[in-house]
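Remarks on the structure that follows.
The values are calculated or read from the model by the stated rules, or taken from the named source; none is laboratory data. Being a predicted model, the structure only gives us computed values, none of them experimental. Backbone-built Cβ (ideal geometry, glycine too); neighbour counts: all protein chains shown. Note: accessible area is taken over every heavy atom of the protein model, side chains too, but ligands, DNA and RNA are not part of it. Shrake-Rupley method; radii C 1.70, N 1.55, O 1.52, S 1.80 Å.
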Amino acid sequence: MRVYVPLTLPGLAEAYRTGVLGDGPLLAYAVTPALREWYLSDDIEELEYAALSRAALASLRLLAADAGAPRRRVVIAVDVPDGAASTDPDRGLDPAALGEVRVAGAVRLAEAAAVHVDAADAEADVTAAADALPAADGGDDDAQFTVDGAEDHELLWYATQEIPHLIR
């Protein structure tokens, strides 16, 4: 099963240093039944993009909580055994939890398939989006527009061998 793990650049640097994304349970996003139902598509690539987008929003939340992190969203695509990821049945239909899974046990960085990171030119919009998150969560439509503006930037794809260049 492919899961998308939200991180920050400092989180990516730590994973590179230690060789693990986390000891588990680890928050990630995947193509879940609820995400399929919400997205209304049978195209696996579209569904995986939706899961990646949910992870990018979670990365934005991590940035909002870490003022010192460079303002670039980071998502790691990892293949884990099917039984390693599970959904919370109590949050299955919660719109905030669409695609959310918990991965049990340690996830090694060596299992990563790819890294997705914002380009440097996205930093201003990502900064504004991270700053606007609390107001957007409170229902402010203008703040939500700012948060949605970060999604105008596609995350760039990097091979795992390129991680040392990303964390400099």
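For this structure, a couple of remarks:
- Hits in segment 36-56 - residues which are among the aliphatic types (A, V, I, L, M) and touching a strand residue (DSSP E or B) at 6+ places or on another chain (Cβ under 8 Å): ALA51, LEU52, ALA55, ALA56
- Criterion violated by ALA135 - all others in (1) open to solvent by 30 Å² or more (accessible area, probe 1.4 Å); (2) outside any helix (DSSP H, G or I); (3) modelled with pLDDT of 95 or more; (4) touching a helix residue (DSSP H, G or I) at 6+ places or on another chain (Cβ under 6 Å) satisfied: (2)
- Being under 19 Å from ALA106 (Cβ atoms), among the charged types (D, E, K, R) and out of contact with any Leu (no Cβ under 7 Å at 6 or more places or on another chain) is a property that holds for ASP79.
- Here GLU48 meets the list (1) assigned to a helix (DSSP H, G or I); (2) under 11 Å from the mean Cα position of the chain (by Cα); (3) not small (Gly, Ala, Ser) almost entirely, failing just condition (2).
- Any hit, segment 49-59, residues being open to solvent by 10 Å² or more (accessible area, probe 1.4 Å), within 13 Å of MET1 (Cα to Cα), out of contact with any Ser or Thr (no Cβ under 7 Å at 6 or more places or on another chain) and without any contact (Cβ under 8 Å) to a residue 60 or more places away in the chain: no
- Residues of segment 89-100 satisfying the condition of being open to solvent by 70 Å² or more (accessible area, probe 1.4 Å) and in contact (Cβ under 8 Å) with a residue 12 or more places away in the chain: LEU93, PRO95
- Residue in segment 86-96 that is part of a loop (DSSP other than H, G, I, E, B) and among the polar types (S, T, N, Q) present: yes
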